[in-house]
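One structure is given below, encoded as structure tokens.
Readers should treat all values here as calculations from the given coordinates under stated rules, not as data from a laboratory. Predicted model only: the values in this text are computed from it and were never measured. Quick reminder, even Gly has a Cβ in these numbers, built from the backbone with ideal geometry, and neighbours come from all protein chains shown.
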6 protein chains.
Amino acid sequence: MPTVAMVEYDQATPEVRAVYDDIMAVKSIDFVPNFWKTLASHPPLLARVWRGLDEAMRPGALDALTKEMVALAVSATNGCTYCIRSHTAAARKLGMNDTMLGELMAVVGTFNQTNRLADGYQVEVDVQLIRATEGGPPPQAGKTKAKAKAPKGKAKRAGKAARA
Amino acid sequence: MPTVAMVEYDQATPEVRAVYDDIMAVKSIDFVPNFWKTLASHPPLLARVWRGLDEAMRPGALDALTKEMVALAVSATNGCTYCIRSHTAAARKLGMNDTMLGELMAVVGTFNQTNRLADGYQVEVDVQLIRATEGGPPPQAGKTKAKAKAPKGKAKRAGKAARA
Amino acid sequence: MPTVAMVEYDQATPEVRAVYDDIMAVKSIDFVPNFWKTLASHPPLLARVWRGLDEAMRPGALDALTKEMVALAVSATNGCTYCIRSHTAAARKLGMNDTMLGELMAVVGTFNQTNRLADGYQVEVDVQLIRATEGGPPPQAGKTKAKAKAPKGKAKRAGKAARA
Amino acid sequence: MPTVAMVEYDQATPEVRAVYDDIMAVKSIDFVPNFWKTLASHPPLLARVWRGLDEAMRPGALDALTKEMVALAVSATNGCTYCIRSHTAAARKLGMNDTMLGELMAVVGTFNQTNRLADGYQVEVDVQLIRATEGGPPPQAGKTKAKAKAPKGKAKRAGKAARA
Amino acid sequence: MPTVAMVEYDQATPEVRAVYDDIMAVKSIDFVPNFWKTLASHPPLLARVWRGLDEAMRPGALDALTKEMVALAVSATNGCTYCIRSHTAAARKLGMNDTMLGELMAVVGTFNQTNRLADGYQVEVDVQLIRATEGGPPPQAGKTKAKAKAPKGKAKRAGKAARA
Amino acid sequence: MPTVAMVEYDQATPEVRAVYDDIMAVKSIDFVPNFWKTLASHPPLLARVWRGLDEAMRPGALDALTKEMVALAVSATNGCTYCIRSHTAAARKLGMNDTMLGELMAVVGTFNQTNRLADGYQVEVDVQLIRATEGGPPPQAGKTKAKAKAPKGKAKRAGKAARA
């Protein structure tokens, strides 16, 4: 049980009910999730959070599935049980299979590891990384890429495209 | 300066140098980032972390750009400066523009907010979410989707495809 | 430098400028903070985050200073440099002195400690705490308080009012 | 069950029992919470943590309710179930109603969002914020406030007092 | 139930079974923990994470018990229930008693407190600490130690060896 | 610069000076670190945090170096720059070399990874782990260990002692 009384659909004010209807329509679900029934204990919070989430999750430059997987990555990093269940369900509905989830978790795990190593050793940001990320994309991104070569070694891994 | 002496390319053992060459080749960069020169202070750590990261980041069911953006989302959630710079640079090289970054950050911000609300109110996971996420995809995912309808309301937002 | 180009007031679109004006008016400041000039790289993010923050920070059942101190407590717990500076400045302007800051930090420090002890030992929630926090305030809060007495001991600390 | 055997009141040494009595008296409760019975598995930890918490929570420049709400904000940010239940119960007893909790959660949610945006975009601290927060309150806090005006715009939101 | 179907020993492919056998042999346990049966839903993740963990946990300059206690400290700091149970069990098997656990938790609690105080007040790193941690151990560590004396005070706590 | 005025040794009250003297004596250093000069802006906080830290760090069942390495592991997991520098310096003085630091970081990195995988997949705690960690050490720890054998496989890694 949450720490406030949840507001059920039947007991909701018209304003809260309108938000509930919108949530179910946008998410194509036939129930109001506990999360929203809980936020409804403070109606302005319900309205504001739903409005913000709804806008942020609309497909745009990133598609809906990518956004759900990012939401799952954030929730796994924060260890939020409710959110992990919720975004796993949503991503599943949008087509995420076990392999995609496995690759997603692999990325989440890997960078939670390297984040703490970078901090733990107090690694300084390379000047190249600062230049490449200051105020937007580097002006000659293509050029930089073109001249990329190992300073001494000549390593070339056959059959593997260069990655960033 | 990190808390250990970084191992420069010229001073590196052949084993460390081989890792450095692989890093530069895979990432198409012409310098060894400080992160790796720092891990080289303990060669087994360098080898192991690079091998794990390299495998996790290879394009598979998820493409390279999606993986870099997930890595950036994790790093932003953890507040790791080095990692944020590094993955922003990598995602930029793979094509992430300001709009994509903006949408990514919107998702990161939104779910860091909702994660804490779900925890802060101690919201219980809905039985529907448990069923939908137990041991993989729900057997009748399609059916569930088909019968989705609002219990009371009839909300239908025109011009907007259903999202998970 | 942030990882996108900040949008200066003079270069901003009328929509972005309207948000900037609102920020400066509400916060009684004569400059646009970097945070907002950065979010303006993705205008819908600027508008949405500002609107949400503005609504959440309006004095209501909690006054403005309390809200700023809570914001500082959250930012300290997350280790966000920008946010710590920003909310310290705002709380100072609203009257927070060194003693208030000291007491606030004492609470932040104390509960970051106990949070990890409760998790680290896997302490189970007491049935009394579950009952007291299920679905809102306990029906007989007053009564519970009235009959509160130590089961065996008779400890009574003179000159110190009972605290929750 | 926690990962150590809890020390029940009847089995406790006189020293541990004295701490238990103090806890119940200070908190006006008639049971020893599991948290403290768990720490008693290592008596110096029990004594030290209780003493520190007791001192930090005494009403001073900040009142008891404000301190409990800050404790709840920290616990929600860390996702500590035990602590969230405990501080919600304590704040309820001190008078926190659903609206106050809703406003508190709104602030917690909002700044968990902005914290990650500030970090995620690597926003630099404004010189104004550094000056305003260096070594305590700005010498001419009043003066700074007096001359505050928008550089170009003339936005003035009627009926709304300036906030920090 | 996890969000994927766990792979039981009998249903596992020979490759997965080989990892399972290795896990049980290395850990001297007669069951495959749920964690590994879950990762097996994406076999490359199982293989990679186990290999990395196995290498990192082998006794070296640090013994097995110290490593398990560090793993427990990390898991308590992150609030990961599964991991706290797992590393507590492992450390118990290696000899950790209640006093050792109590001292470990005391350190975990203490530094989760001071971490947030250092960040919350934005304390700057002392030049002495930077010098002492730049690129490895200070060249004249011994010398520095030798001349250590209080600038004004003459405090000498009898019966207590100097600590770092 | 921190967000309060630091209290220098010469300006300190006798009470604060006594704490400073104790810090320098216990830590065998000839300067007062910024952290403590900052906490002195609120003298009760200085006294309380120092007293707690001093007690927690005294060698007991765990030695001083192990405690400093755990403190470093916590600080790396939290990404606290000041604390990472401080505990790296302290551990160095007590004998931590690059290999020990490398192994420590390997453990920190590994379990930050697995923590998020366990949460991200919502892995349930094994009944064996619950039994092994309920209320202290398992009654027949030795017996359990004795009968440990792989259920089907016969994996035996030569030249490698069993680990927990």
Note down the Stokes-Einstein diffusion coefficient of region C:1-138 in µm²/s, whole number, using a Kirkwood radius over alpha carbon pairs, 10 °C, and 1.306 mPa s. 90
Inter-site label distance for F:R131 and E:D98 at 7 Å from Cα along Cβ, in nm: 2.3
If you find the alpha carbon centre of region A:78-131 and of region D:46-118, how far apart are they in angstrom? 29
Could you give me the ³J(HN,Hα) list for region B:106-117, computed from phi with Karplus coefficients 6.51, -1.76, 1.60 and θ = phi - 60°, whole Hz, x at Gly and Pro? 4, 5, 4, x, 4, 8, 5, 5, 5, 4, 6, 5
Between C:A18 and B:A61, take the C-beta separation as r, use R0 = 56 Å, and let me know the FRET efficiency to the nearest 0.05. 0.80
Rel. contact order, % - alpha carbon contacts under 8 angstrom, at least six apart, region E:1-69: 32
For region B:4-12, take each phi angle, set θ = phi - 60°, evaluate the Karplus expression 6.51 cos²θ - 1.76 cosθ + 1.60, and give the result in whole Hz per residue in order, putting x for glycine and proline. 9, 6, 6, 9, 6, 3, 5, 8, 6
Name the chain B residue with the Cβ nearest the axis that maps B onto E: which is it, and what is the distance in angstrom? B:G52, 3
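Relative contact order for region B:1-123: what percent, with Cα pairs under 8 Å and sequence separation of 6 or more? Each step should come with its number before you reach the end.
Numbers: 69 pairs, mean separation 22.2, N = 123.
Relative contact order comes out at 18 percent.
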Which cross-chain or sequence-distant (5 or more) residues have an amide H under 5 Å from the amide H of E:S28, H modelled 1.01 Å from N in plane? F:R163
Zero-based 5 Å bins, Cα pair distances in region F:61-143, whole percents: 3, 12, 17, 16, 13, 15, 13, 8, 1, 0
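Rounded if a/c is under 1.5, else prolate if a/b is larger than b/c, else oblate: which is region A:48-100, with a ≥ b ≥ c the root eigenvalues of its Cα gyration tensor?
Oblate is the answer for region A:48-100, as a/c is 1.5 or above yet b/c matches or exceeds a/b.
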Output wanted: per-residue J couplings in Hz (rounded whole) for region F:30-40, from phi through Karplus 6.51 cos²θ - 1.76 cosθ + 1.60, θ = phi - 60°, x for Gly and Pro. 10, 8, 9, x, 3, 3, 6, 5, 7, 4, 5
